[in-house]
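None of the figures in this text is laboratory data; all of them are computed from the coordinates on show. As the structure is a computational prediction, the values presented were derived from the model and not from experiment. Cβ placement follows ideal geometry from the backbone for every residue including glycine, while neighbour counts extend to all protein chains displayed.
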Amino acid sequence: MDDVASPCIKVCTIDPTGQWCLGCGRTLDEISGWLCADRAQRLEILVELPDRLIRLNQKLAD
């Protein structure tokens, strides 16, 4: 499972709504479950992150 690296960029701050990390875009559940997640689960999360971060940045800019 080490072949799918964590998206963590060491900016571990949760957005004001408590949904996503401002650094990587993951939820608290995804962050805490990363080590136990299988390859497919990790890839599924990674696919969602770019759109999440775009939406999050748009929210914060409003």
Only four residue types carry charge here, +1 at the Cβ of Lys and Arg and -1 at the Cβ of Asp and Glu. Report the dipole size of the chain about the Cα centre in Debye, rounded to the nearest 20. 180
Could you tell me the center-to-center distance, by alpha carbons, between segment 1-25 and segment 47-62 in angstrom? 12
P(r) histogram, all alpha-carbon pairs of the chain included - 10 Å bins from 0, percent: 23, 55, 20, 3
What number, rounded to the nearest 500 deg cm²/dmol, is the helix-based mean residue ellipticity at 222 nm of the chain, given -39500 (n - 2.57) per DSSP H run of at least four residues and division by all its residues? -15000 deg cm²/dmol
